[in-house]
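J.: The structure that follows is given in the form of structure tokens.
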Amino acid sequence: MTRTNPYALPGAKDIFDHLRRGYHLSINDGPMYHNLRANLEKYEQWFAALGLELQEHPEGFYYLRGTGTLSKTAQQLGLFMLILIDSLANQPVEIEKRLLEEAFVPDSLPHLRRDRYAQYMKSVGVETDDDLLRVINTLQRLGFAVREADDSFRFRPPVYRFLDLCLEQSDGPTAGGVL
């Protein structure tokens, strides 16, 4: 196997810096995404040589596969999404369509407004509106969401990672409801 010179790969520094922080590169990321996609095999080899596994999701975004236990931040993000998806499941519009087409306003989210959800969020250290905003900001920082000018936010294609997890959970013994 020939070693890939990472300095010869277009955008290598930015791509590596983003992915190693847990960022999910999607088409919305312009040149970084296109450089990775155009040189996918070389990037896969480079990351493999570093002991990292580059993943391509069927919905067209890229991330590094993690190993080990979930960090507190990952637990917060996962629970945030499970609660949002659970609350959307009780409404007539398809969840996937809502997640990818709607803007969400932090003040109208159910996470701290419904007792059951608030208790779940408290268990991962999210108790205030400021804590909830930090979770949303982390979703943005990792490429799952983008903030709008009016302080609402929209999800980007990497939200499919959370949808996949919810689908995996719904196939289990408590199918029919996430939480």
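The values are calculated or read from the model by the stated rules, or taken from the named source; none is laboratory data. None of the values given here were measured: they were computed from a predicted structure. Cβ placement follows ideal geometry from the backbone for every residue including glycine, while neighbour counts extend to all protein chains displayed.
J.: Name the single residue, out of those in segment 118-149 being under 16 Å from F162 (Cβ atoms) and of a type in the set (S, T, Y), that is nearest to the chain's Cα centre (by Cα).
T.: The residue in question is T138.
J.: Any idea which residue in segment 114-132 is surrounded by the fewest Cβ atoms within 10 Å (Cβ to Cβ), counting only those that are among the charged types (D, E, K, R) and within 14 Å of Q75 (Cβ to Cβ)?
T.: Taking the candidates together, the pick is K122.
J.: Moving on to the next point. Applying the selection to segment 60-90, what residues are among the basic types (K, R) and within 25 Å of W46 (Cβ to Cβ)?
T.: R65
J.: Report every pair of residues separated by at least 6 positions or lying on different chains whose Cβ atoms are under 9 Å apart, first residue within segment 100-127 and on the phi > 0 side of the Ramachandran plot, second surrounded by fewer than 13 Cβ atoms within 10 Å (Cβ to Cβ).
T.: G125/K72
J.: Does F61 satisfy being in contact (Cβ under 8 Å) with a residue 40 or more places away in the chain, closer than 17 Å to A12 by Cα and among the hydrophobic types (A, V, I, L, M, F, W, C)?
T.: For F61, the condition - in contact (Cβ under 8 Å) with a residue 40 or more places away in the chain, closer than 17 Å to A12 by Cα and among the hydrophobic types (A, V, I, L, M, F, W, C) - is met.
J.: Moving on. Kindly indicate whether H18 is loosely packed, with under 15 Cβ neighbours inside 10 Å, assigned to a helix (DSSP H, G or I) and at pLDDT 95 or above.
T.: So H18 does not fit the description; no.
J.: Determine whether segment 89-107 contains at least one residue that is charged (D, E, K, R), under 22 Å from I136 (Cβ atoms) and over 18 Å from the mean Cα position of the chain (by Cα).
T.: The answer is yes, given that some residue of segment 89-107 is charged (D, E, K, R), under 22 Å from I136 (Cβ atoms) and over 18 Å from the mean Cα position of the chain (by Cα).
J.: Something else about it: From the residues in segment 139-164 that are closer than 15 Å to Q76 by Cβ and in contact with a helix residue (DSSP H, G or I) (Cβ under 6 Å, 6 or more places away or on another chain), which one is surrounded by the most Cβ atoms within 10 Å (Cβ to Cβ)?
T.: Among those residues, the one meeting the criterion is F144.
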